[in-house]
1. For a protection proxy built on the mean count of beta-carbon atoms within 10 angstrom, sort 138-146, 87-95 highest first, please.
2. Residue by residue, what Karplus-based ³J(HN,Hα) values in Hz, rounded to whole numbers, does the stretch 231-244 have, using 6.51, -1.76 and 1.60 with θ = phi - 60° and x for Gly and Pro?
3. Quick check: residue separation of Lys167 and Arg150 times 0.36 nm, minus the Cα distance between them. What number comes out in nm?
4. Whole-Å semi-axes of the stretch 201-352's equivalent ellipsoid, largest first, each the root of 5 times a Cα gyration tensor eigenvalue?
5. Summing +1 for each Lys or Arg and -1 for each Asp or Glu, what net charge is found among the other residues whose Cβ lies under 15 Å from the Cβ of Pro246?
6. Report the net charge of residues surrounding Glu234, where surrounding means a beta-carbon distance below 10 angstrom and charges are Lys +1, Arg +1, Asp -1, Glu -1.
7. Considering Cα pairs under 8 angstrom that are at least six residues apart, work out the relative contact order of the stretch 91-239 and quote it in whole percent.
8. Mind checking the alpha-carbon convex hull of the stretch 87-217 and giving the volume per residue in Å³?
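Bear in mind that the values in this text are calculations on the coordinates, not laboratory data. All values reported here derive from a predicted model rather than from experimental measurement. Cβ: placed from backbone, ideal geometry, glycine included. Neighbour counts: every protein chain shown.
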Amino acid sequence: MRKGFRSGVIILLTLLLTACGQNAAEETDMTGSTETIQAAVIETAPTDESMESVEGLAVTDREESEPSAEEKIIMKAEFDFETRAVMLNSGYEMPINGLGTYSLHGDECIGSVKCALSNGVRLIDTASAYGNEEEVGQAVREAIEEGIIRREDVFVTTKIYPGDEMKHPAQAIQACIDRLDIGYVDLMLLHHPDPNDVEAYKAMEQFVKEGKIRSIGLSNWYVEELTEFLPQVETVPALIQNEIHPYYQENEVIPYIQDLGIVVQGWYPLGGRGHTAELLGDPVIIEIAKGHGVSSAQVILRWNLQKGVVVILGSSNPDHIKENTEVYHFSLTEDEMARINTLDRGEKHDWY
Ligand SMILES: NC(=O)c1ccc[n+]([C@@H]2O[C@H](COP(=O)([O-])OP(=O)(O)OC[C@H]3O[C@@H](n4cnc5c(N)ncnc54)[C@H](OP(=O)(O)O)[C@@H]3O)[C@@H](O)[C@H]2O)c1
């Protein structure tokens with residue numbers, strides 16, 4: 001899951017970033033037909049490979065010119081609809097369509113993760129709080145043993161929780177790694193803001209330095225929380241995972257985060273349990289789905305992807321798991337995207 005950068009840096013003037021960033025949302029091809037969805041990325045360049053394919057940006061050698069604090073390193077992260085992945089600002093590639101495991105446990109969890117992996121899903125989301133990291137890890141190890149995947153093919157995210165875990169972050173992080181037991185963790189998030197979140201984040205940074213975690217990020221951080229948090233830490237989060245669905249769209253928050261060079265991931269893409277029937281049965285969604293010969297779920301997933309939002313959908317139903325991967329053979333028109341955007345009610349389906 002690592003894609004290369006040469007030890008070079010890409011430097012753009014802050015002015016240019018600001019100008020480009022403000023227009024990022026409008027410039028995005030809402031149909032996704034260009035096969036790329038823009039998200040500005042502030043980047044450090046961690047490896048030795050080439051970045052010459054990035055268009056229109058000056059590349060200099062890090063050895064020759066270390067960026068100052070003001071000279072942030074900018075590149076464009078794109079949703080590649082061919083490879084179905086996005087490059088994080090940590091230099092690692094992440095799939096854009098994954099399985100969430102929030103309410104999956106025991107054999108159901110193992111079976112769902114293995115089903116997803118067998119159907120080409122390469123992104124699995126878990127958390128210490130879900131109490132299923134051991135099952136997720138077992139499913140990944142079994143899939144490796146059975147030749148379904150190699151470790152490097154799958155991207156596993158986990159999270160540490162506020163309270164005791166963030167009070168003792170090094171132990172909590174190590175415990176996640178031990179429970180998963182799949183070597184390194186691809187991405188670790190702070191699950192929610194907490195009085196000890198800065199220290200907990202710094203602990204995650206340390207684990208990155210030790211090679212035990214590849215990328216780090218946040219969950220349930222919105223504009224106000226980010227404004228306060230970011231100046232206190234060294235590493236720009238690779239990703240922020242927040243509630244996003246057609247009834248809670250976060251249309252101001254998404255571009256704000258993306259303009260910071262951070263990839264956005266949506267939880268409760270179908271509205272979350274107890275709300276999926278209403279969302280999947282929304283007349284606007286149904287009409288658009290009929291027009292493309294796809295399901296309501298596929299329309300909602302595609303709408304997210306075309307907004308540059310990574311999706312992690314929870315399911316233990318093999319048919320749904322497969323269906324949720326089939327979102328790359330059609331695209332929504334700008335008009336359809338706009339119609340779904342009008343469904344926003346600012347209606348949160350959970351407290352955080
Ligand atoms: N960071 C956070 O604070 C946070 C909070 C909540 C959730 N999350 C993450 O986000 C993930 C998604 O949330 P979620 O699983 O609770 O809610 P969700 O993905 O919005 O909805 C899951 C529900 O949708 C159904 N479903 C899935 N695919 C379907 C399809 N193609 N057609 C019809 N129904 C379908 C599932 O039923 P079947 O099992 O029958 O398919 C399940 O009941 C979680 O698993 C978790 O990883 C993160």
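1. Details: 138-146: 17.4, 87-95: 23.6.
Highest-to-lowest ranking by the protection proxy: 87-95, 138-146.
2. Karplus-based 3J(HN,Hα) across the stretch 231-244 equals x, 8, 10, 8, 8, 5, x, 6, 7, 10, 10, 10, 5, 8 Hz.
3. Numbers: separation 17, 0.36 × 17 = 6.12 nm, distance 3.45 nm.
Roughly 2.7 nm would be gained on extension.
4. Working: eigenvalues 183, 58, 39 Å².
Listed largest to smallest, the semi-axes of the stretch 201-352 are 30, 17, 14 Å.
5. -3
6. 0
7. Working: 250 pairs, mean separation 27.9, N = 149.
For the stretch 91-239, the relative contact order is 19 percent.
8. Convex hull volume per residue, Cα atoms: 96 Å³.
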